[in-house]
Every structure is written in structure tokens, then in C-alpha cells.
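J.: Supplied in C-alpha cells, the structure appears directly below.
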Amino acid sequence: MFNLTRLYGEKEDINKENVKEFFDKRADKEVESLMTITSFQDKENLDQRQIEESEILLENIDLTGKKIIEIGCGLGRWAEVFHDKCECYLGLDYAENLIKLANEYYNYENCEFQVMSALDVNTDKLLIQPPFDIIFIAGVLIYLNDEDILKMIKEINKIASKDKIIYIRETISVMDRRLTLKDFYSQDLDAEYNAIYRTKDELLEFFKGFEDITDIKSDKIHETLNKHDETGYRYFILK
């Protein structure tokens, strides 16, 4: 029987409220470690993935004296990497329960966490005022519909400096078409899961909406840790 919750190639929207409810519930869930609340796939390699990605990030981006904003910060775990290198860091997420945990576990003097949607960034209410030198987006785009990605990019253009650097890491489809999970029941998560895995070329087309970008570096990441045939991890550095 054809599985209507696993769609190949079709541009089907996912329900944003279902995504938000999923992560709010994850924040309240008893899990084996803090990081598995948001990084719930490949749980046994979370530390190795963090180390690998941190090395790539620090090799390619100088954080010294920079103002950093993370869109969709979740638990705010990247503040641990950034806080002793940057001028200041602001993590935004629309899941209030995740922001509560971020404030509890990553309470650094130059770091702030704030409940705010990437689609509705209120400049006047930001706890750290723009412009931001570095925009960090990790594992967020799969939870946004196409029109929402375009809206998020417009919001970022408003708060980013002209010489900004944008770092994006995403789970993508390694097929020639996107894969959408719509209210897909996961036995591992014991919940319905929604995500859109786009191709590399689809994402690059979206990135044309960022202003003043002249160079894009992109490569695969976590290849040895990936256990899925249809999806993989890739990072993008836009300057």
C-alpha cells in the first residue's frame, strides 16, 4: 500500500504547528542525554558529530569579536562553542520549552536566548541589537515550508551586516528529488514527525535570496556516521 506520509518529489507543505508541538514535547521528554532532545537521530555519535562540525566551522570562520545570531537554536548547545571566542551570541527559537533549557544549561555572560520565530524577527525586541556578523542555521530548514524559507531569508537580510558570513548545515536528500515526511509516525520517537529533505540544488536556489553573497563553499559532512540511503548531511558557508 502506498504510504501517503512519505512523499517523493512532491512539493507538499508540512504543518508548522505540528512541528512546534513536536519540539515542545521533546523538551519535556525524559531522554538519555540533553543533546538527544533535538539531535535524536544517530544518538550514539552525537559527541563525534559536534567535534567534527566544530572543527569545520572554526577552520573556515573567524569568530573573534563577532556578533553571532543562531536561527533555530534549540537547546543552544552551540553557545558552548562560541561564547569564549565571539563578542556576543543570540540564540532564537520558537519553542519556549527549548529556550528555557538553553537558559538553564548555557548561561554564559555574553550569550542570550530568546523565544522568537525565524519568520517574524522583531528587530526592536531582539535582546542583542543587529547587525550580526555571523548567521548560524543548523538543522532548521527541513522543518520549514518553501515559502517560509524565503520569508526567513528576507528577515535575515534585515539584521545581517553587509560583510556577513552565513553557516548552514542541513540534512538533504541525496536522491534527484526531495523527500517529505508528513505526519510520519516514527517508532523510535514514538511520535508523528514532519520534515522536508531537499536536494542540494534546491537549497542553492533558495540561497540566491541572501543579499551581498559572492562565494559559497559546500561539502558533505558526517559521511562515516550516516546510516541512511536517501538522506545525508551537508554544510554551506556563504560569504
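J.: Give me the percent of the accessible area of the stretch 98-196 that comes from carbon and sulfur atoms, probe 1.4 Å, all protein chains in place. Please list the in-between numbers first.
T.: Working: 2030 of 4560 Å².
Heavy-atom surface of the stretch 98-196 belonging to carbon and sulfur, 1.4 Å probe: 44 percent.
J.: If you filter the stretch 180-214 for GluC sites (Glu not before Pro), then keep DSSP loop positions with at most 16 other Cβ within 10 Å, what is left? The partial results should precede the final answer.
T.: Working: sites: GLU192, GLU202, GLU205, GLU211; in loops: GLU211.
Of the GluC sites (Glu not before Pro), the ones in loops of the stretch 180-214 whose Cβ has at most 16 other Cβ atoms within 10 Å are GLU211.
J.: Can you give the % of DSSP beta bridges in the stretch 83-236 that are antiparallel, to the nearest 5?
T.: On the way: 16 of 27 bridges.
Counting DSSP beta bridges with both partners in the stretch 83-236, the antiparallel share is about 60 percent.
J.: Further, regarding this structure: Going by accessible area, probe 1.4 Å, with all protein chains left in place, what is the ranking of HIS222, HIS83, HIS228, largest first?
T.: On the way: HIS222 0, HIS83 50, HIS228 95 Å².
Largest accessible area first, the list is HIS228, HIS83, HIS222.
J.: Show me the three semi-axes of the equivalent ellipsoid for the stretch 160-239, from the C-alpha gyration tensor (sqrt of 5 times each eigenvalue), largest first, rounded to whole Å.
T.: On the way: eigenvalues 150, 40, 29 Å².
Over the Cα atoms of the stretch 160-239, the semi-axes work out to 27, 14, 12 Å.
J.: Express in nm, to one decimal, how much length is gained between LYS25 and ALA191 on full extension, taking 0.36 nm for each residue of separation and deducting their alpha carbon distance.
T.: Working: separation 166, 0.36 × 166 = 59.76 nm, distance 0.97 nm.
Contour length minus the Cα-Cα distance gives 58.8 nm.
J.: Something else about it: When you have a sec, figure out the Kirkwood radius of the chain from all distinct Cα pair distances and drop it here in Å to one decimal? Before the final figure, lay out each step's value.
T.: Working: mean 1/r = 0.0548 Å⁻¹.
Result for the chain stands at 18.3 Å.
J.: Apply the Debye scattering formula to the stretch 76-169, with a single equal point scatterer on each alpha-carbon and no solvent, then give log10 I(q)/I(0) at q = 0.11, 0.13 Å⁻¹.
T.: Result of the Debye calculation: -0.30, -0.43.
J.: Let me ask something else. Report, in order of residue number, the helices in the chain meeting two criteria: a C-alpha extent of 15 Å or more along the helix axis, and a mean Kyte-Doolittle hydropathy of at least 0.5; treat each whole DSSP H run as one helix.
T.: Numbers: long enough: 16-28 (19 Å, -1.70); 46-60 (21 Å, -0.86); 146-159 (21 Å, -0.39).
TM-like helix candidates: nothing returned.
J.: Mind giving me the nanometre distance, one decimal, between the label points for LYS11 and THR224, set 7 Å out from Cα along Cα→Cβ?
T.: Going by the 7 Å Cα→Cβ label model, 3.9 nm.
J.: Right, here's the next one. How large is the dipole of the chain about the Cα centre if only Lys and Arg carry +1 and Asp and Glu carry -1, each at its Cβ, rounded to the nearest 20 debye? Mind dumping the intermediate values first?
T.: Numbers: 32 positive and 50 negative charges, 94 e Å.
Here the chain has a charge dipole of around 460 debye.
J.: Under a point spin-label approximation (7 Å from Cα along Cα-to-Cβ), what is the GLU59-ASP183 distance to one decimal in nm?
T.: 4.4
J.: Hey, another quick one. If you roll a 1.4 Å probe over the heavy atoms of the protein chains, what accessible area per residue do you get for the chain, in Å²?
T.: Numbers: 11910 Å² over 239 residues.
So the chain comes to 50 Å² accessible per residue, rounded to a whole number.
J.: Solvent-accessible area of ASP229, probe 1.4 Å, all protein chains present, reported in Å² to the nearest ten, please.
T.: Counting only protein heavy atoms, the figure is 140 Å².
J.: At a Förster distance of 35 Å, what's the computed FRET efficiency of ASP215 paired with ASP146, Cβ-Cβ distance as r, to 0.05? Could you put the intermediate results ahead of the total?
T.: Values: r = 25 Å, r/R0 = 0.70.
For ASP215 and ASP146, the calculated efficiency is 0.90.
J.: Averaging the inverse of every distinct alpha carbon separation and then flipping it gives the Kirkwood radius. What is it for the stretch 103-152, in angstrom units? Show your work: numbers first, answer last.
T.: Working: mean 1/r = 0.0773 Å⁻¹.
This gives a value of 12.9 Å.
The values are calculated or read from the model by the stated rules, or taken from the named source; none is laboratory data. Remember, it's a predicted structure, so these values are computed and weren't measured experimentally. Heads up, the Cβs are rebuilt from the backbone with ideal geometry, glycines too, and the neighbour counts pull from every protein chain shown. Accessible surface is based on the protein model in full, side chains and every heavy atom, while ligands, DNA and RNA are left aside. Shrake-Rupley method; radii C 1.70, N 1.55, O 1.52, S 1.80 Å.
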